[in-house]
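J.: The structure is given below, and queries will be raised subsequently.
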Amino acid sequence: MNCALIILASGKSKRFKSKIPKQYNIYKNKPIYIHSIEKALNSKLFNKIVLVSDNPKRIKINDKRISVIKGGKERSDSSLLGLRFLKKFNIKNVLIHDAARPNFSIKLLKDLTKNLKSNIAVIPALNSRDSLKYKIKNKIYNLNRDNSYLTQTPQAFRFKDLYELAIKQKAKITDEATLFVETDKKVKFIKGENNNNKITFIEDINSTKNFMGIGFDIHKLVKNKTLFLGGIKIPFHSGLQGHSDGDVILHSITDAILGALRQKDIGTHFPSNNNKFKNIRSPKMLKPIIEKLNKGNFYFNNIDINLICEKPRVSNHRNKIIKSLAKLLDIDESLINLKGKTVEKLGLIGKEKAIACEVIVSISKYD
Ligand code: ZN
């Protein structure tokens with residue numbers, strides 16, 4: 001199947017009162033537009049993904065399946081630019097999606113493409129929960145709620161049919177279904193998703209349910225051991241002793257998350273008298289805790305880390321450690337801060353016999 005997806009992320013977000021355009025704001029651990037890209041890749045439905053952005057330089061993706069192109073003035077211009085870009089690839093089906101809807105499911109993508117087998121346009125839609133009125137000149141009419149559709153994206157089309165309508169469009173449309181409805185073409189409506197809302201106002205991405213957690217850890221440094229910090233190997237004369245690999249950063253983060261979730265501590269979840277956990281790598285301990293976090297619909301606001309050691313110098317390894325943590329936690333790097341703190345050569349830490357770490361995390365719950 002030759003199927004493409006166009007993700008529109010070039011809006012000016014006039015109603016979204018923020019210094020940076022909506023699509024680049026962090027929502028549920030990462031920039032809004034990233035959610036659509038990740039789901040598209042995970043669905044394995046698309047040979048080609050086109051991200052239409054107002055500012056391609058801002059896009060941090062490196063994947064050969066994804067092309068980033070510059071958008072136009074209005075949504076309809078950007079959509080047409082995406083279609084023109086795809087023209088040369090011999091695409092059979094195309095889905096068009098607004099990046100401002102990050103909460104759609106992969107199942108919806110599959111339902112849309114399945115329905116394209118016997119339709120030229122497939123649109124997810126919901127009935128309105130509110131009563132609807134319609135104004136023509138000065139007169140107000142009641143609309144029957146059960147016969148009114150609120151259309152969502154992604155919307156799915158046969159490429160050829162959509163392209164022909166799109167290049168002839170005159171009015172500035174707000175979704176591609178409009179082109180088919182206006183020209184009396186058959187549109188198949190399927191059930192949309194209640195949580196596939198369009199993020200429009202900054203309130204839509206703010207959660208008021210915030211929690212904080214604190215973590216602390218210290219391990220002794222011993223010879224002939226590899227030093228692991230933040231999930232990666234750090235070249236050093238000694239490594240951290242412990243029941244596991246002694247990664248003080250990951251242990252502190254794990255404890256801080258458990259604190260924010262109000263779920264006791266790392267020792268309760270991974271008792272050191274249990275041989276199952278002997279020599280376990282710390283990313284393996286962190287993983288089920290992150291799964292617990294995401295299952296509960298909790299997402300990070302930020303993580304602040306103090307690594308307390310005389311050596312190694314944090315500044316030499318900061319970028320690598322942050323990259324590793326972002327990957328392990330599945331969050332944007334901008335949410336992590338790592339500080340290095342020496343102790344004026346005092347005590348065990350000062351004599352390079354131990355490394356300690358403290359962490360504070362802030363998380364939010366989204367319903
Ligand atoms: Zn530890």
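Rule-based calculations on the coordinates, nothing more; no lab input. Keep in mind that this is a model prediction, so the values were computed, not measured. No Cβ is skipped: glycine too gets one built from the backbone with ideal geometry, and neighbour counts run over all protein chains shown.
J.: Considering amide H positions built from the backbone, and no H for Pro or chain starts, which residues 5 or more places from L229, or on another chain, come under 5 Å of its amide H?
T.: So L229 has HN proximity to I234.
J.: Tell me, in nm to one decimal, what length is gained between K19 and D367 on full extension, where the rule is 0.36 nm per residue of separation less the Cα-Cα distance?
T.: 122.7 nm
J.: I've got another one for you. Considering only I26, L261, L250, whose Cα is most displaced toward the positive end of the charge dipole of the chain, charges sitting on Cβ of Lys, Arg (+1) and Asp, Glu (-1)?
T.: I26
J.: So which of K22/K44; K48/K117; K284/K341 end up more than 21 Å apart by C-alpha?
T.: Violating the 21 Å limit, Cα to Cα: K22/K44; K284/K341.
J.: Turning to a different aspect of this structure: Within 10 Å of each residue's Cβ, count the other Cβ atoms and sort F157, F89 from fewest upward.
T.: By the 10 Å Cβ count, ascending, the order reads F89, F157.
J.: Each residue of the range 155-166 in turn: what ³J(HN,Hα) in whole Hz from Karplus with 6.51, -1.76, 1.60 and θ = phi - 60°, glycine and Pro shown as x?
T.: Taking θ as phi minus 60°, the curve returns 10, 10, 9, 6, 4, 4, 5, 5, 4, 4, 6, 5 Hz for the range 155-166.
J.: Once you treat every alpha carbon in the range 210-365 as an equal point and sum by Debye, what is log10 I(q)/I(0) at q = 0.13, 0.16 Å⁻¹?
T.: Taken in order of the listed q values, log10 I(q)/I(0) reads -0.55, -0.84.
J.: Starting from the Cα of K19, draw a straight line to each of the lysines and keep only those under 25 Å, dropping any in the same chain fewer than 8 residues away.
T.: K28, K30, K57, K60, K70, K73, K198, K209, K365
J.: If you don't mind, there's one more thing I want to ask. What list do you get for T268, T153, T342 if you sort them by fewest beta carbons within 10 Å?
T.: T268, T342, T153
J.: State to the nearest 20 debye the size of the charge dipole of the range 3-204 about its Cα centre, where the only charges are +1 on K and R beta carbons and -1 on D and E beta carbons.
T.: The calculation lands at about 380 debye.
J.: Highest GNM mean-square fluctuation, the chain, Cα pairs closer than 10 Å: which of S118, S36, S53?
T.: With Cα springs under 10 Å in the chain, the top fluctuation among S118, S36, S53 is at S118.
J.: Considering only the other residues whose Cβ falls under 10 Å of the Cβ of T153, what net charge follows from Lys and Arg at +1 and Asp and Glu at -1?
T.: -1
J.: Tell me the trypsin sites (Lys or Arg not before Pro) within the range 320-367 that lie in a loop according to DSSP and have at most 14 other beta-carbon atoms within 10 Å.
T.: K345, K351, K353
J.: Also, quick follow-up: Measuring from label point to label point, each 7 Å out along Cα→Cβ, what is the F211 to R145 span in nm?
T.: Label at F211, label at R145, 3.5 nm between them.
J.: To continue, here is another question. So what is the relative contact order of the range 210-365, in percent, for Cα pairs below 8 Å that sit 6 or more residues apart?
T.: Normalised by residue count, the contact order of the range 210-365 is 34 percent.
J.: Quick one: check the C-alpha center-to-center distance for the range 218-255 versus the range 336-352, whole angstrom.
T.: The range 218-255 and the range 336-352 have Cα centres separated by 14 Å.
J.: With 38 Å as the cut-off, how large is the P(r) tail for the chain, expressed as percent of Cα-Cα pairs?
T.: 34 percent
J.: Still on this structure, please answer the following. If each residue of separation counts as 0.36 nm, what is the full-extension length gain between K278 and K341 once their alpha-carbon separation is subtracted?
T.: Residue separation times 0.36 nm, minus the Cα-Cα distance, leaves 19.7 nm.
J.: Right, another one. Mind jotting down the distance between the C-alpha centroids of the range 5-77 and the range 264-322, whole Å?
T.: Distance between centres, Cα-based: 30 Å.
J.: Counting alpha carbon pairs within less than 8 Å and at least 6 residues apart, what relative contact order, in whole percent, applies to the chain?
T.: Over the chain, the number comes to 16 percent.
J.: Once you keep just the Cα pairs under 8 angstrom separated by 6 or more residues, what percentage relative contact order results for the range 1-62?
T.: Reported as a whole number, the value is 48 percent.
J.: If you don't mind, there's one more thing I want to ask. Using 0.36 nm per residue of separation minus the Cα-Cα distance, give me the extension gain between D130 and K220 in nm, one decimal.
T.: Difference between extended and current length: 26.2 nm.
J.: Order by neighbour count: F236, F104, fewest other Cβ atoms within 10 Å first, most last.
T.: F236, F104
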